[in-house]
Amino acid sequence: MKRDAQSTQEYPSRPEGPEPPAASSSSDPAAELKPRLWIFGYGSLVWRPGFEFTSRKVGFIRGYSRRFWQGDTFHRGSEQAPGRVVTLLEDCGACTWGVAYEVCGEQQVAASLQYLNVREAVLGGYDTKLVSFHPQDKEAGEPIQALVYIATPQNPSYLGPASEEDIAAQIIVSSGCAGHNVEYLLRLADFMRYFCPQVEDKHLFSIEEALIALLPCLCHSEKALEEAASIPQKAERENFLQGSSRRDEAIGTA
């Protein structure tokens, strides 16, 4: 799917190409003198950056593992049911894949930082750090210095480690202003599967597998709740339950 340099449209959940297309570089020599910044995204930024950019590249950073250890009470969860979103954990020898966005010019740089300060720092609990980004395209040359947002254990929303099954169970019941937590997980898994097919993200795919295993149980529970909600009055609910009990007894004696 092609995308304008000034567009802020999301990635599709099923991308068509092997890599997000980068915008053509400017031939204007004055462009080299403008402020330039690369921003690395490894969570929802890979499909919904939300800010204008000049180009983007798929690639990875070294020394970090992606983990669903950050709580979210706004974008993908609530105070009553916090969601689970990803952060980075320092991990020697590990790599985390994502997308780096190039923003150029004072206006584009300032606007992107202002937007991300609210989305990632104020609402998300993330801090910033500079990392070396390695593009997937081997002809891209040297690694690029990029800004990345990381949620540390010191922020109040940090949840920390849990089993893949427990994380999936939390994700499946959480929803926030940006949508359901399940969508977040599946979109991230889709990105890795289609843009980085050679990479095995065990943590991510194990949670996806655990969540899919829970779906039949969730559907059964929701059906039962819908049936109960369709009986508006307490007396009618009691009659319904008593009727069910009598039917069960009749079946047992038949």
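The values are calculated or read from the model by the stated rules, or taken from the named source; none is laboratory data. Quantities reported herein were computed from a predicted structural model and do not represent experimental measurements. Note that each Cβ is placed from the backbone with ideal geometry, even for glycine, and that neighbours are counted across all protein chains shown. Remember, those area values only see protein heavy atoms, side chains included, never the ligands or the DNA or RNA. Shrake-Rupley method; radii C 1.70, N 1.55, O 1.52, S 1.80 Å.
For region 104-165, the gyration tensor built on C-alpha atoms gives an oblate shape. Its axis ratio a/c (a ≥ b ≥ c) is at least 1.5, and a/b is not larger than b/c. Computed over the Cα atoms of region 107-226, pair by distinct pair, the Kirkwood hydrodynamic radius stands at 17.3 angstrom. With Cα atoms defining each centre, region 57-71 and region 119-156 are spaced 8 Å apart in the structure.
Packing here is the average count of other Cβ atoms within 10 Å per residue, and on that basis the peptides 64-71, 136-143, highest first, run 64-71, 136-143.
Accessible surface area normalised per residue over region 34-130 is 40 Å², counting heavy atoms of protein chains with a 1.4 Å rolling probe.
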